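First the structure, in the form of structure tokens, and then the observations on it.
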Amino acid sequence: MSNQPEVELSDIALVEKILSTKDERYFGILYDRYASFVYNQSFSFVDSEEEAQDLTHDIFIKIYLNLKKFKKESKLSTWIYSIVYNQCLNYVKKNQKKPEENKDLYEDVENLEHHTEEISDKELFEINYAKLQEILNQIPIEDKAILLMKYKDDMSVKDISELFNIKESAVKMRLQRAKKRVLELR
Amino acid sequence: MENPFKKVIEEKELPAYLKEKVLDDINLIKLTLDLSELFFVNVPDSLLTFFKNNPDENDKKL
């Protein structure tokens, strides 16, 4: 192999190189591609830079250890996002002071149907960003995460449903509920 | 209308030392996995193959 690993490799080719060569420089390329994304996502779940850095470190170790399980038919970014989300959620749940506020993302969709009237994005976007920041810190972490995925990271409902392995209708309902919670606190 | 979600989290820069720490820890994990494979898989396999292939000589030695 040459001294300089090819930085132009596609994500899939890069994963194959990491697994076949076990050359740490290839993992270094993967780190360079996703470090900022992982760090900033982690930072949206915790309060301090130190915690976000610790989470970023642990997430990359987890990515390395689980790389064999990555299914090449999905996008690497989505797979990494699922690791980030799960790691951050576990961390926050372990450290939060008010566990009763948290609800499982995978809860029964049937129970949500009574409060799923359509809320437009316009209503949500009318909120000032400083106020929105404050509200996002008050709502359950799962609601915050799904709103950030949809409106900050521009993920489609389909992407989110694949990420959590739940139906698209469940994602839509979850989004509606999260939006409702935000509007109640505005 | 402007999307306020785009502004709620400012982009932070990750310190450079973290990459080194991640890669160092990954090397340590690799070494640990290689050593465990050597002692728990390769060495027992080699010993088993040796004893299977040389049953007479092993008997003599005993």
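Read-outs throughout are calculated quantities, based only on the coordinates presented, and are distinct from any laboratory measurement. In this text, all values refer to a predicted model and were calculated from it rather than measured experimentally. Because the Cβ atoms are built from the backbone with ideal geometry, glycine has one as well, and the counts that use them run over all protein chains shown.
Results, tabulated for the structure shown:
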| read-out | value |
| --- | --- |
| Gaussian network model of chain B, springs between alpha carbon atoms under 10 Å - residue of B:20, B:37, B:11 with greatest fluctuation | B:11 |
| Centre separation in Å (Cα based) which lies between the range B:1-52 and the range A:140-186 | 31 Å |
| Fully extended contour minus Cα-Cα distance, from residue A:67 to residue A:86, at 0.36 nm per residue | 5.3 nm |
| Rounded, prolate or oblate (a/c below 1.5 giving rounded, otherwise prolate when a/b exceeds b/c) for chain A by Cα gyration tensor | prolate |
| Exposure proxy order (Cβ contacts within 10 Å, fewest to most) of A:127, A:80 | A:127, A:80 |
| Low-density loop positions, trypsin sites (Lys or Arg not before Pro), the range A:1-82 - DSSP coil, at most 15 other Cβ in 10 Å | A:22, A:71, A:72, A:75 |
| Mean Cβ neighbour count within 10 Å, used as a protection proxy, ranking A:135-145, B:21-31, A:149-159 highest first | A:135-145, A:149-159, B:21-31 |
| Among A:70, A:45, A:60: highest mean-square fluctuation, GNM of chain A, C-alpha pairs under 10 Å | A:70 |
| Dipole magnitude of the protein assembly as shown about its Cα centre (Cβ charges: Lys, Arg +1; Asp, Glu -1), debye to nearest 20 | 220 debye |
| Degrees, to the nearest 10: B:43-53 long Cα axis against longest axis of chain B | 30 degrees |
| Span-rule helices in chain A, defined as complete DSSP H runs reaching 18 Å or more along the axis (Cα) with Kyte mean at least -0.5 | A:24-43, A:49-66, A:76-95 |
| Among A:37, A:82, A:12 the positive-end extreme of the charge dipole of chain A (Cβ point charges) | A:12 |
| Paramagnetic reach from residue A:21 (point 7 Å along Cα→Cβ, amide N under 18 Å) across the range B:21-51 | B:23-24, B:26-27, B:30 |
| Cα-based shape type of the range A:145-186, given that a ≥ b ≥ c are square roots of the gyration tensor eigenvalues and the cut on a/c is 1.5 | oblate |
| Charge dipole (debye, nearest 20) of chain B; +1 at Cβ of Lys and Arg, -1 at Cβ of Asp and Glu | 60 debye |
| Most positive-pole-ward Cα, A:59, A:138, A:149, against dipole of chain A from beta carbon charges | A:59 |
| Ranked A:78, B:32, criterion: other C-beta atoms within 10 Å, fewest first | B:32, A:78 |
| Chain A: most fluctuating residue of A:129, A:31, A:64 per GNM, C-alpha cutoff 10 Å | A:129 |
| Averaged over B:19-26, number of beta-carbon atoms from partner chains that fall within 10 Å | 6 |
| 222 nm mean residue ellipticity, helices alone, for the protein assembly as shown (DSSP H n ≥ 4; -39,500 (n - 2.57); rounded to 500) | -20000 deg cm²/dmol |
| Over chain A, relative contact order from alpha-carbon pairs under 8 Å, at least 6 apart, % | 19 percent |
